[in-house]
1. Working only with C-alpha atoms, what are the Rg and Dmax values of segment 358-399, expressed in angstrom?
2. Tabulate in residue order the Karplus-calculated ³J(HN,Hα) for segment 143-157, using 6.51 cos²θ - 1.76 cosθ + 1.60 with θ = phi - 60°, rounded to whole Hz; enter x for Gly and Pro.
3. Test of the criteria: in segment 1-96, which trypsin sites (Lys or Arg not before Pro) are in a DSSP loop and have at most 13 other Cβ atoms within 10 angstrom of their Cβ?
4. How many Å³ per residue does the convex hull of the Cα positions in the chain occupy?
5. I need the GluC sites (Glu not before Pro) found in segment 1-62, filtered to DSSP loop residues with at most 15 other beta carbons within 10 Å of theirs.
6. For segment 280-354, go through all pairs of different Cα atoms, get the mean of 1/r, take its inverse, and jot down that Kirkwood value in Å.
7. Nearest 500 deg cm²/dmol is fine: what mean residue ellipticity at 222 nm does the chain get from its DSSP H runs of n ≥ 4 alone, each adding -39,500 (n - 2.57), divided by its residue count?
8. State the Kirkwood hydrodynamic radius of segment 1-80 in Å, one decimal place, computed from all pairs of distinct Cα atoms.
Amino acid sequence: NGDRGPYAVYTWEEVQKHSRRGDQWVVVERKVYNVSEWVKRHPGGRRVIGHYAGEDATEAFTAFHPDQRLVRKFLKPLLVGELAPSESSEDHKKNAAIVEDFRALKEQLEAKGLFRTNPLFFVLHLGHVLLLEALSLALLWNWGSGWINTILCILLLATAQSQAGWLQHDFGHLSVFKSSRWDHLVHKFVIGHLKGASANWWNHRHFQHHAKPNVISKDPDVNMLKLLVLGNVEPVEYGIKKLKHMPYNHQHKYFFLIGPPLLIPVYFNIHILQTMYIQRDWVDFAWYLTYYARYFSCYVPYYGFLGSIVLLTIVRFLESHWFVWVTQMNHIPMEIDHEQHDEWLTMQLKATCNVEQSFFNDWFSGHLNFQIEHHLFPTMPRHNYVHAAPMVRELCEKHGVQYQVKGLWEAWCDIVRSLRTSGKLWLDAYLHK
């Protein structure tokens with residue numbers, strides 16, 4: 001009954017029926033939209049909207065889109081009606097007080113100017129990435145490609161790649177420029193030309209993770225391709241079904257072999273090419289090629305073609321360790337479960353913890369030591385997380401939501417601990433349930 005015109009009224013029960021692929025409705029600020037066709041054109045990817053089909057998407061909608069006026073233009077033609085006056089604004093027994101307080105907090109942070117960028121921060125950040133790349137070439141130019149120089153080059157390039165990774169993340173989230181068009185353009189330059197990856201591949205994957213962090217079958221970051229079982233729920237389900245794709249009770253050991261070393265050089269590499277090909281994304285492919293053209297023209301004269309490939313593989317291998325330990329420390333040890341329909345604040349805090357602030361931790365993790373603030377406000381420039389954190393913590397205390405902060409080493413140990421715990425849960429269920 002989507003043809004009742006824009007003045008139709010619906011109950012939550014009616015909206016919830018439209019949650020299948022090809023028939024998707026979402027609710028934003030009590031208005032009901034039919035996004036079934038629009039998902040194919042959504043710049044953030046089709047899946048991220050699909051994860052909210054049949055649900056209230058107000059909090060996610062406001063978190064992801066910095067320019068509300070612009071996106072509302074696209075929403076208007078999709079309107080099919082609104083919620084009946086008798087229906088509450090929140091679906092699935094969400095806590096209206098938490099939703100309201102969180103909205104008020106965001107307004108406070110906006111009033112304090114915490115969503116405004118300090119351009120110098122990002123200029124210096126890009127500068128230090130380019131400097132590291134240039135230094136590596138300067139070493140070869142001046143002192144040739146001996147062993148010591150090669151090792152120094154690898155370290156410089158791995159650092160440049162990791163730091164460019166944190167920088168592309170800022171542009172991908174539209175957290176730098178006033179105009180998101182500029183964010184998108186510079187994102188393509190940083191992830192495409194400086195890193196040899198694809199902007200759309202990253203965004204379409206990463207926004208799903210932000211929309212439903214640690215939600216099984218919605219967050220791609222907890223889909224471990226049956227190689228690992230995570231959290232307290234999935235291992236037991238695997239065990240009961242007698243699924244043993246891997247010896248999961250040893251996963252805290254083999255994680256060191258298949259996780260940190262292989263994610264970027266193997267899995268991401270294949271996935272990026274596959275995604276660009278399937279989506280026929282020739283723009284991102286062109287950017288991707290400019291990275292390899294530049295890399296080979298710079299390094300083939302010193303190492304030859306095969307040597308350059310080996311060099312790059314070692315750089316990716318090191319970068320991959322850096323990336324995995326930093327990105328997993330905030331999420332893997334946290335709650336991982338099926339869809340619970342929590343408020344934005346509760347959902348993000350269940351799935352996320354912080355790591356202590358220090359100059360090194362900020363730099364090393366690209367400010368993802370403030371993962372909680374980043375998840376609550378993905379469009380906030382990262383140099384402002386530290387100012388938002390005390391107010392976020394206060395709100396969490398008020399509502400009894402756990403706000404966890406750890407040391408860097410402790411956070412890394414917790415990854416391995418939680419893998420061990422999940423493995424034991426699996427084994428117990430596999431043998432006895």
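1. Expressed in Å, the Cα Rg and Dmax of segment 358-399 come to 10.5, 32.
2. Using θ = phi - 60°, the values come out as 10, x, 9, x, 4, 5, 4, 4, 4, 4, 4, 4, 5, 5, 5 Hz.
3. Numbers: sites: ARG4, LYS17, ARG20, ARG21, ARG30, LYS31, LYS40, ARG41, ARG46, ARG47, ARG69, ARG72, LYS73, LYS93, LYS94; in loops: ARG4, LYS17, ARG21, ARG30, LYS93, LYS94.
Of the trypsin sites (Lys or Arg not before Pro), the ones in loops of segment 1-96 whose Cβ has at most 13 other Cβ atoms within 10 Å are ARG4, LYS17, ARG21, LYS93.
4. On the way: hull volume 68.0 nm³, N = 433.
So the per-residue Cα hull volume is 157 Å³.
5. Numbers: sites: GLU13, GLU14, GLU29, GLU37, GLU55, GLU59; in loops: GLU29, GLU37.
Of the GluC sites (Glu not before Pro), the ones in loops of segment 1-62 whose Cβ has at most 15 other Cβ atoms within 10 Å are GLU29, GLU37.
6. Result for segment 280-354 stands at 16.1 Å.
7. On the way: 18 runs with 245 residues, N = 433.
It comes out at -18000 deg cm²/dmol, rounded to the nearest 500.
8. Values: mean 1/r = 0.0792 Å⁻¹.
After inverting the pairwise mean of 1/r, the radius is 12.6 Å.
The values are calculated or read from the model by the stated rules, or taken from the named source; none is laboratory data. Small disclaimer: the values here were computed from a predicted structure and weren't measured. Virtual Cβ from ideal backbone geometry, glycine too; neighbours counted across all protein chains shown. Surface accessibility is based on the protein's heavy atoms, side chains included, excluding ligands, DNA and RNA. Shrake-Rupley method; radii C 1.70, N 1.55, O 1.52, S 1.80 Å.
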